[in-house]
Amino acid sequence: MRVYIPTTLAGLAEAYEAGAVGPAPLDAYAVTPSLREWYVSDDLEELEYAALTRAAQASLRLLAVHPEVARRRVVIAVDVADGTVRYDPDRGLDPAALGEVRLEREVRLADAAAVHVDGGGAEADVSAAAEALGAADAGDDDAQFTVDGAEDHELLWYATQEIPNLIGPATV
């Protein structure tokens with residue numbers, strides 16, 4: 001099963017240094033039954049993109065509580081055994097929990113399929129979105145517009161061999 005683990009560039013640097021993303025349990029996103037029902041598609045590629053988008057939103061939340069880190073959303077895509085993933089069907093239709101899963105063990109970074117990261121041109125919008133997140137959650141439409149602006153930026157795909165270039169000293 002492909003899962004998408006939200007993090008930050010600083011978190012990616014820590015995972016690179018440790019050789020693993022952890023500690024467990026880890027919150028992640030995947031194609032769950034509720035995500036399939038919500039998205040109403042049988043196209044696995046579209047569903048995985050929806051799960052990746054949910055993970056990018058979770059990465060933005062991490063940036064909101066860690067203002068000291070580089071303002072780029074980061075998602076690590078990993079293929080894991082189905083038995084290591086827990087899904088709560090009782091929360092399945094909660095819009096805030098769509099695609100949410102929990103990994104019961106840390107994940108070796110060597111098992112990562114790819115890393116998805118905002119390009120440098122997204123930093124200003126991502127920074128503004130992270131700052132506006134609390135107001136957006138409280139119902140402020142203008143703040144929500146700012147948060148949605150971050151989603152106008154596509155995350156870029158990077159091979160795992162490119163992680164050292166992503167986490168250079170200027171990013172953490």
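What to note about this one:
- Across region 25-42, the qualifying residues are those that are touching a helix residue (DSSP H, G or I) at 6+ places or on another chain (Cβ under 9 Å) and assigned to a loop (DSSP other than H, G, I, E, B), and the one among them that is most open to solvent (accessible area, probe 1.4 Å) is ASP42.
- Tally of residues being at pLDDT 90 or above and not in a loop (DSSP other than H, G, I, E, B) across region 87-110: 8
- Residues in region 131-143 that are open to solvent by 70 Å² or more (accessible area, probe 1.4 Å) and in a helix (DSSP H, G or I) were compared, and the one that is modelled with the lowest pLDDT is ASP137.
- For region 43-56, a residue qualifies if it is open to solvent by 40 Å² or more (accessible area, probe 1.4 Å) and without any contact (Cβ under 8 Å) to a residue 24 or more places away in the chain, and the qualifying residues are ASP43, LEU44, GLU45, GLU46, TYR49.
- Qualifying residue in region 75-84 (condition: more than 21 Å from GLY19 (Cβ to Cβ) and free of Cβ contacts under 8 Å to residues at least 40 places away in the same chain): yes
- For region 1-24, taking the residues that are farther than 16 Å from VAL117 by Cα and among the charged types (D, E, K, R), the one that is surrounded by the most Cβ atoms within 10 Å (Cβ to Cβ) is identified as ARG2.
- Residues being part of a helix (DSSP H, G or I), open to solvent by 40 Å² or more (accessible area, probe 1.4 Å) and over 17 Å from PRO67 (Cβ atoms) - total across region 144-155: 3
- Verdict on VAL107 being farther than 23 Å from GLU17 by Cβ and open to solvent by less than 20 Å² (accessible area, probe 1.4 Å): no
The values are calculated or read from the model by the stated rules, or taken from the named source; none is laboratory data. As the structure is a computational prediction, the values presented were derived from the model and not from experiment. In this analysis, Cβ positions are derived from the backbone assuming ideal geometry, glycine residues included, and neighbour counts consider all displayed protein chains. All accessible areas refer to the heavy atoms of the entire protein, side chains included, with ligands and DNA or RNA removed. Shrake-Rupley method; radii C 1.70, N 1.55, O 1.52, S 1.80 Å.
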